[in-house]
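Here is the structure we will look at.
FYI, it's all coordinate maths here, none of it is from the lab. The structure displayed is predicted, hence computed values, not measured ones. Cβ sites come from the backbone with ideal geometry, for glycine too, and all protein chains shown count toward neighbours.
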Amino acid sequence: MLFKILYKDDFRTLIETAMKSVEVVAPKKVGSNARGKPIHHYLPVTSFEEIDLSYETTEYSAKTYFIPYLENLANYRFGDEDWEKEIQYRFEPRMILGLHACDISGLLRLDKVLIHDKFPSPYYIARRKNTLIVGIDHEPCEGGFCHALGTNVVSHGFDLFLTDLGDRYFTAIDSDRGYILLNKVLTHDVKEKDTKDYLDARRRISDAYTTHVNVHNLPNLLDIEFESDVWKKWGAKCLSCGSCAQVCPTCYCYGVSERVSMDWASGAKVKQLYSCNLVDFAQVAGGHNFRPEATTRLKYRYYHQHRGFVEIYDEPKCVGCNRCGRTCLAGINPPDIIGELQAEVRK
Amino acid sequence: MSIEFQPYDIIKDTDMTQPIDFNQRNKLKSVDRAFKAEITNIIRLTDMEKLFQIRIVDDAERQRFTFLPGQFVMLQVPGYGEVPISISSSPSAKGHIELCIRKAGVVTNVLHNARRGAKVGIRGPFGTHFPMVQMHGSDVLLIAGGLGLAPLRAPMFYVIENRVSFKDVHILYGTRQPDQLLFRYQYEEWSLIDDINLQIIVERPDATWAGRVGLITKLLDNITIHPEKTYAIVCGPPVMFKFVCGRLNQMGLPMHRMFVSLERRMHCGMGKCCRCNIGSTYTCIDGPVFDYWSVMNLKEAI
């Protein structure tokens, strides 16, 4: 990994220049919640002032720029007892600025499923390869437990990654295009003082986590506690709304439907992100539902996150951002559920 | 100062310009392109099921299309949707395939109203297959309940076409009522084939039924199993697996020598949409064909 020092004035110049030729998406304050805490979203921005890099977290992850909630997989033209299918892939470049390590870790997990596994997704690859990612270090967010899962530090999956050292950024460069981009402005070689400041900053962040989740032996624990009352307790609270999957940076499941114009001249095959908590997720033709109760669906979601995904990809799907916990109307959250499961075995 | 970003145009990717072959699972990127196919013939089997004979339109694509018994395709009716259907025909017929389809939802209802010549889309083949080559030299039990005869027909064709490679062959088929029996016109042909034991049973006979009455497990009563040289393929509703596979196990057949085909709703067929997941197992990638030992180790599988 190459490192450079980038002063904040030069960083601003860099971003303002990039905005002229490419869409820039960045954290932007959109309001405040009932407790007065600011709410941020990743949104397209047109001026540097709109960007708030000191944000704590966002309600939604940035996955919508890679696997949109709604996406046309194909368009149809109908006519004369026949049809033609057209598929288009995105190729307009985009920059996402200010992603935290957990969200970059989330993209690395999506890469495993959508690029490196069987049947790579051309839609995802096109978006991923055309997106320049500039990440940034941050103070731990409330309820986040990324440090327990090792997703609070990333060493790849981005183009540039910034650590704030006051007047300047300690900048990691992980791609050729990131290097080319950075060379558009003045940068400095890393000196001893910079390294010391960087390591101090990392240590300060690392010591600041307040949420602790014990994920030791979790895949086996989940198998042992398959019939645990913990599932009944939390399953009874679950409203089956699917909000957790919508805000999750790594939930990628979906449903496909077809839409047609009123005159049947054209149509589209549309992909819509789904959630395994929705009642009909595992319902088959003829009406049989393999997971009819909220309890089994909630359990399934945790099994996929912390057991099933590990079996296939050697790491949990969850990155510990706790967005699902924050958004859940019933207060269901991973630190509590995992904590109670760990307590079950110690009984 | 300006910044130029070189866009990446995926359609120029070499993997995208190759002819589509869904058997190239790790490389294929044109995952949503489909083979255009036309319905060449429709055979009415019962009130609920029809057999659709389908041909991939493009000559080269039709010749290239190969599948193994037990695999399925995603059948697309543009404007209505896409459904997973197991291939019900002989693997040697390549891009001429037969799909036995029950009227069960939006897409299958449209298909039941479709006419000869209608154009559909085919993606696939997907999924695992019955290990037919591994079964060479053994006795084979082909057991189907209800609509299970549809996925069983592909391995049946394989066994019939390669009869010399198998020892004793039993085809056991059961339905609830006589009017639900599929492929009635083929029973005579199957039973006339040298040394194939075809037995059919129904649970609730009507006035015209002269055959056997009872549950499908009853057909196993007068069969002797040589566990070390027998394989079983069992297709049907999940409840049938418990009884039939349980009975076969009692008769001495190890679970890893029994193969079943599971069914789930699928929206992609490619291990992406998660709709068919059983725990962490994708029915579309790791299945639909599983040995019974694996099924017993999957939570909520049947």
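Key figures for this structure:
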quantity: All lysines inside 16 Å of A:Lys233 as judged from Cα atoms, apart from same-chain residues fewer than 8 positions distant; calculated: A:Lys299
quantity: The range B:1-56 - convex hull of alpha carbons, volume per residue in Å³; calculated: 146
quantity: DSSP bridge pairs, the range B:133-296: antiparallel proportion in percent, nearest 5; calculated: 15
quantity: Shape call, the range A:266-347: gyration tensor on alpha carbons, a/c limit 1.5; calculated: prolate
quantity: Expected 222 nm ellipticity per residue - DSSP helices of 4 or more, -39500 (n - 2.57), all of the protein assembly as shown, to 500; calculated: -7500 deg cm²/dmol
quantity: Kirkwood hydrodynamic radius over Cα pairs of the range B:82-226, then Stokes diffusion coefficient at 37 °C and 0.692 mPa s, in µm²/s; calculated: 194
quantity: Equivalent ellipsoid semi-axes - Cα gyration tensor, the protein assembly as shown, angstrom; calculated: 52, 29, 21
quantity: Cβ-based net charge around A:Pro316, under 10 Å, with every Lys or Arg adding one and every Asp or Glu removing one; calculated: +1
quantity: Per-residue ³J(HN,Hα) for the range A:38-54, Karplus 6.51 cos²θ - 1.76 cosθ + 1.60, θ = phi - 60°, Hz, x for Gly and Pro; calculated: x, 10, 10, 10, 7, 9, x, 10, 10, 9, 5, 5, 5, 7, 10, 6, 8
quantity: Prolate/oblate/rounded call for chain A, Cα gyration tensor, a/c under 1.5 rounded; calculated: oblate
quantity: Proxy reagent accessibility, fewest Cβ within 10 Å first, across A:Glu142, B:Glu263; calculated: A:Glu142, B:Glu263
quantity: Whole-Hz ³J(HN,Hα) from phi, Karplus 6.51 cos²θ - 1.76 cosθ + 1.60, for the range B:78-83, glycine and proline x; calculated: x, x, 10, x, 9, 9
quantity: Distance in nm between pseudo-label sites at A:Lys8 and B:Asp194 (7 Å out along the Cβ direction from Cα); calculated: 8.9
quantity: Loop sites in the range A:115-169: trypsin sites (Lys or Arg not before Pro), DSSP, at most 12 other Cβ within 10 Å; calculated: none
quantity: Peptide B:279-287, shielding by other chains (average Cβ, 10 Å cutoff); calculated: 4
quantity: Dipole-positive endmost among A:Cys238, A:Leu2, A:Leu108 within chain A (Cβ charges, Cα centre); calculated: A:Cys238
quantity: Ratio Rg/Rh [Cα only; Rh per Kirkwood] for the range B:10-126; calculated: 0.97
quantity: Surrounding net charge for A:Thr295, when Lys and Arg each add one and Asp and Glu each subtract one, Cβ distance under 14 Å; calculated: +3
quantity: The protein assembly as shown: antiparallel DSSP beta bridges as a percent of all, rounded to 5; calculated: 70
quantity: Net +/- balance of residues flanking A:Val260 in space, Cβ distance below 12 Å, scoring K and R +1, D and E -1; calculated: +1
quantity: Gap separating the Cα centres of the range B:120-146 and the range A:270-345, nearest whole Å; calculated: 33
quantity: Lysine pairs meeting the criterion (Cα under 17 Å, 8 or more apart or interchain), as found in chain B; calculated: 11
